[in-house]
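This report refers to the structure that appears directly beneath it.
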Amino acid sequence: NAHGTQTRGSLIVIEGCDRSGKTTQCSLLQENLTSSGYSVKLMKFPDRTTVIGQMINDYLACKQDVDDHAVHLLFSANRWERVSMMLKLLEQGTSLIVDRYAYSGVCYTAAKRGFDMSWCKQPDIGLPRPDTIVYLTLSSEAAAKRGNYGEERYEQTDFQKKVADNFAALTEDSWKVIDADKSIENLQAELLDICKETIKRSSDQPLYKLWT
Ligand code: NYM
């Protein structure tokens with residue numbers, strides 16, 4: 001910045017239902033921001049590379065059954081085990097583009113019978129609060145045109161509808177809600193603008209804690 005002091009990176013989270021194009025868009029954001037000279041790292045949750053991530057992967061692949069409460073806590077623990085790394089990078093001035101975060105955690109578990117949003121939020125309270133949350137929406141018709149869901153747990157139309165309803169209920173005014181039913185290029189251009197604006201705006205702002 002103008003005073004030559006180190007400014008922090010931004011925490012930018014991209015959320016949405018399965019098949020909304022999050023992963024494609026996040027990799028493009030990393031490429032485009034990096035080639036424009038920004039220091040950016042891509043992260044995704046669940047992070048399947050850790051021991052907890054492996055347990056989550058086996059659950060999602062239906063290789064392992066886990067109690068719904070327990071798996072909710074595993075998803076949360078998988079975020080907490082990355083917090084020290086995230087804070088370090090942000091402090092060093094690297095911005096993080098994060099593919100799914102605690103909002104997915106809440107919306108997917110709360111789509112199960114017997115779970116409410118308030119219980120689901122508890123284990124993620126206190127995580128670093130994103131500077132920007134982008135929520136990619138996709139109507140079920142538009143999602144259907146993208147072809148079949150994958151083989152993993154949760155990838156069924158009825159369940160995804162409940163998840164989308166939960167996202168709609170969780171959305172706060174500050175979220176950027178964007179219709180993902182457009183070309184990869186046009187969506188990317190919109191997201192790039194949001195990221196650049198966020199990095200500019202938040203570099204001298206404090207980093208808050210989630211849901212506090
Ligand atoms: N998911 C993801 C959850 O149920 N809870 C969470 O906290 C997170 C981060 O995992 N169907 C679900 C959503 C997806 C699945 O994510 C795997 P991805 O982005 O397809 O790897």
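Looking across the range 148-162 at every residue that is farther than 16 Å from Thr109 by Cα and surrounded by fewer than 16 Cβ atoms within 10 Å (Cβ to Cβ), the one that is nearest to the ligand (Cβ to nearest atom) is identified as Gly150.
Would you call Met55 away from the ligand (no atom under 15 Å from the Cβ), free of Cβ contacts under 8 Å to residues at least 40 places away in the same chain and at negative phi? It is false that Met55 is away from the ligand (no atom under 15 Å from the Cβ), free of Cβ contacts under 8 Å to residues at least 40 places away in the same chain and at negative phi.
All conditions in (1) farther than 21 Å from Leu29 by Cβ; (2) exposed (fewer than 14 other Cβ atoms within 10 Å of the Cβ); (3) more than 16 Å from the chain's Cα centre (by Cα) hold for Met85, with the sole exception of (1). Residue check: is Gln25 more than 23 Å from Arg129 (Cα to Cα), at pLDDT 95 or above and within 14 Å of the ligand (Cβ to nearest atom)? Criteria not met by Gln25. Residues in the range 58-84 that are small (Gly, Ala, Ser) and either within 12 Å of the ligand (Cβ to nearest atom) or over 17 Å from Leu210 (Cα atoms) (or both): Ala61, Ala70, Ser76, Ala77.
For residues that are charged (D, E, K, R) and within 11 Å of the chain's Cα centre (by Cα), scanning just the range 88-114, find the one that is nearest to the ligand (Cβ to nearest atom).
In this case the residue turns out to be Arg100.
For the range 163-187, the set of residues classified as among the small types (Gly, Ala, Ser) and either in contact with a Phe, Trp or Tyr (Cβ under 6 Å, 6 or more places away or on another chain) or surrounded by 13 or more Cβ atoms within 10 Å (Cβ to Cβ) (or both) consists of Ala164, Ala180, listed by residue number.
The values are calculated or read from the model by the stated rules, or taken from the named source; none is laboratory data. Every value quoted in this text rests on a predicted model; they were computed, and no experiment measured them. Methodologically, a virtual Cβ is constructed for each residue, glycine included, from the backbone with ideal geometry; neighbour enumeration extends over all protein chains shown.
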